[in-house]
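The next block holds one structure in the form of structure tokens; read it before the comments.
The values are calculated or read from the model by the stated rules, or taken from the named source; none is laboratory data. Just so you know, these numbers come straight off a predicted model, no measurement behind them. Backbone-built Cβ (ideal geometry, glycine too); neighbour counts: all protein chains shown. Note: areas computed on protein heavy atoms with side chains; ligands, DNA, RNA excluded. Shrake-Rupley method; radii C 1.70, N 1.55, O 1.52, S 1.80 Å.
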Amino acid sequence: MKAIRFVPTGVHAYFDYIGGIALLAAPFVFGFYSIGGPAVIIPMVLGIGLILYSLLTNYELGIPGLKFIPMPYHLAFDFIASAFIAISPFLFGFINKAPNAWLPHIIAGVVVILLVLVSQTRYQPQAHAAA
């Protein structure tokens, strides 16, 4: 059975930047900054990484002239990073901390994996120009 990919690359692009900012803010918003260590470092590093590789992705919100990451590679990066953040509470042992520390990691990971599975894999700039 073939996956139904209904989220256009342009919509995915907005989710990327919003998600990157949300990952950077998560330790403060959810109040687990004081725990420190991997619980804080992982979402912040992944948030910065997401914003950086999004800027270099060949889609609507990539930097013109620097769009060298094809969308399928971008989605692969998203999938790997999302799986990592979802399993990080188990890998680094902060699953035993308060739920406000580990639950955002698992939820963010699962939600982004789902987004990857329904996002289109091809940016078609000529289709946007004709519309």
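Could you list, in sequence order, all residues of region 67-79 that are hydrophobic (A, V, I, L, M, F, W, C) and without any contact (Cβ under 8 Å) to a residue 24 or more places away in the chain?
Within region 67-79, the first condition is being hydrophobic (A, V, I, L, M, F, W, C), and the residues that meet it are 68-69, 71, 75-77, 79.
Residues satisfying the conditions are Phe68, Ile69, Ala76.
For (1) open to solvent by less than 50 Å² (accessible area, probe 1.4 Å); (2) closer than 22 Å to Ile21 by Cβ; (3) touching a His at 6+ places or on another chain (Cβ under 6 Å); (4) of a type in the set (Asp, Glu), each residue gets a yes or a no:
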residue: Tyr33; (1), (2), (3), (4): no, yes, no, no
residue: Ile42; (1), (2), (3), (4): yes, yes, no, no
residue: Leu46; (1), (2), (3), (4): yes, yes, no, no
residue: Tyr53; (1), (2), (3), (4): yes, yes, no, no
residue: Phe68; (1), (2), (3), (4): no, no, no, no
residue: Met71; (1), (2), (3), (4): yes, yes, no, no
residue: Pro99; (1), (2), (3), (4): no, no, no, no
residue: Ile106; (1), (2), (3), (4): yes, yes, no, no
residue: Gly109; (1), (2), (3), (4): yes, yes, no, no
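Is at least one residue of region 112-120 in contact (Cβ under 8 Å) with a residue 24 or more places away in the chain, surrounded by fewer than 21 Cβ atoms within 10 Å (Cβ to Cβ) and not aliphatic (A, V, I, L, M)? Before the answer, list the steps.
Let us first name the residues in region 112-120 that are in contact (Cβ under 8 Å) with a residue 24 or more places away in the chain, namely 112-113, 115-120.
From the residues that got through so far, the ones that are surrounded by fewer than 21 Cβ atoms within 10 Å (Cβ to Cβ) too are 113, 115, 117-118, 120.
Still in the running and not aliphatic (A, V, I, L, M): 120.
For region 112-120, residues in contact (Cβ under 8 Å) with a residue 24 or more places away in the chain, surrounded by fewer than 21 Cβ atoms within 10 Å (Cβ to Cβ) and not aliphatic (A, V, I, L, M): present.
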- [ ] Tell me which residues, restricted to region 55-66, are open to solvent by less than 60 Å² (accessible area, probe 1.4 Å) and touching a residue at least 40 places away in the same chain (Cβ under 8 Å).
- [x] Thr57, Tyr59, Glu60, Leu61, Gly62
